[in-house]
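See structure below.
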Amino acid sequence: MTIKLGKLFVLSGPSGVGKGTLRENALNGIPTLKYSISCTTRKPRDGETDGVEYRFISREKFKEDISQGLFLEYAHVHEDFYGTLKADVVNELEKGNDVLLEIDVQGALQVKEKMPDAVLIFVAPPSVEELERRLTGRNTESSESISVRLNNALKELELKDKYDYVIVNDDLDSACEELRKIIL
Ligand code: 5GP
């Protein structure tokens, strides 16, 4: 008997580019696609629940999990640690389900090294000016935080050529359709 393994998809892109919306659209439209819930040391924001958006864990627990080799990848993003548990991903792939990760660029490149069949998808803004407009328009970030995010965005954009696909999120519906076609 041959077992058909699922495929692993990794979505990255700068803050404010619309990754979250694309991810939700893909997960709602493709029942066999499973989202892997990351671990993080950051505190939950209002409305976030442990085990839904993230598994919120202490720095001590995160370090212990690193030393036990439990992470497929992990990275220090902004001020905190974020990581994907290897077992979560492998269990779903072995069931034949496809898995979607939404993680930063450093993590995505670690995944590609360990699992070369993973499909890396980068979501890019139509331009840096447009990204700045979107970040400013969200009204959720201070001007200092916007400039940190923009600087990070420029660094991330430099690495987009290492990805298998780049989706330019100019029109949301077309971007969702592009992502769907890559996954299906
Ligand atoms: P936020 O704190 O706003 O939810 O996420 C901040 C950043 O961390 C985002 O760029 C997100 O993609 C990234 N991130 C979330 N989970 C993981 C993970 O498991 N691993 C890595 N490397 N990055 C992650």
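The values are calculated or read from the model by the stated rules, or taken from the named source; none is laboratory data. Bear in mind the structure is a predicted one, so any value in this text is a computation, not a measurement. Reconstructed Cβ throughout: ideal geometry from the backbone, glycine too, with neighbour counts over all protein chains shown. Just the protein is used for accessible areas: all its heavy atoms, side chains included, with ligands, DNA and RNA removed. Shrake-Rupley method; radii C 1.70, N 1.55, O 1.52, S 1.80 Å.
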Looking only at residues in the stretch 6-28 that are under 24 Å from G96 (Cβ atoms) and among the polar types (S, T, N, Q), which one is nearest to the chain's Cα centre (by Cα)? N25
For residues in the stretch 1-13 being of a type outside the set (A, V, I, L, M) and under 21 Å from L109 (Cα atoms), which is nearest to the ligand (Cβ to nearest atom)? S12
Name the residue, out of R138, R180, R133, that is under 29 Å from V52 (Cβ atoms), modelled with pLDDT under 90 and open to solvent by 30 Å² or more (accessible area, probe 1.4 Å). R138
Can you work out which of the residues in the stretch 162-177 that are charged (D, E, K, R) and without any contact (Cβ under 8 Å) to a residue 12 or more places away in the chain is surrounded by the most Cβ atoms within 10 Å (Cβ to Cβ)? E177
Could you tell me which numbered condition L120 fails, if it satisfies all but one of (1) out of contact with any helix residue (DSSP H, G or I) (no Cβ under 8 Å at 6 or more places or on another chain); (2) open to solvent by less than 70 Å² (accessible area, probe 1.4 Å); (3) closer than 17 Å to K160 by Cα; (4) modelled with pLDDT of 95 or more? (1)
Hey, does the stretch 75-96 have a residue that's open to solvent by 70 Å² or more (accessible area, probe 1.4 Å), over 14 Å from the mean Cα position of the chain (by Cα), under 30 Å from S127 (Cβ atoms) and in contact (Cβ under 8 Å) with a residue 40 or more places away in the chain? yes
Cβ contacts < 6 Å: first residue open to solvent by less than 50 Å² (accessible area, probe 1.4 Å), restricted to the stretch 143-157; second residue outside any helix (DSSP H, G or I), any location; separation 6+ or different chain. Result? R149/S15; A153/P14; E156/P14
Listed by first then second residue, the pairs whose first member lies in the stretch 31-59 and is more than 16 Å from V89 (Cα to Cα), whose partner is in a loop (DSSP other than H, G, I, E, B) and more than 13 Å from the ligand (Cβ to nearest atom), with beta carbons under 8 Å and at least 6 positions apart or on separate chains, are T41/S58
Among the residues of the stretch 14-43, write down those that are open to solvent by 40 Å² or more (accessible area, probe 1.4 Å), within 12 Å of the ligand (Cβ to nearest atom) and assigned to a strand (DSSP E or B). Y35
Per the filter on the stretch 69-110, residues more than 21 Å from R149 (Cα to Cα), near the ligand (Cβ under 9 Å from one of its atoms) and in contact with a helix residue (DSSP H, G or I) (Cβ under 9 Å, 6 or more places away or on another chain) are F71, L72, E73, T84, L85
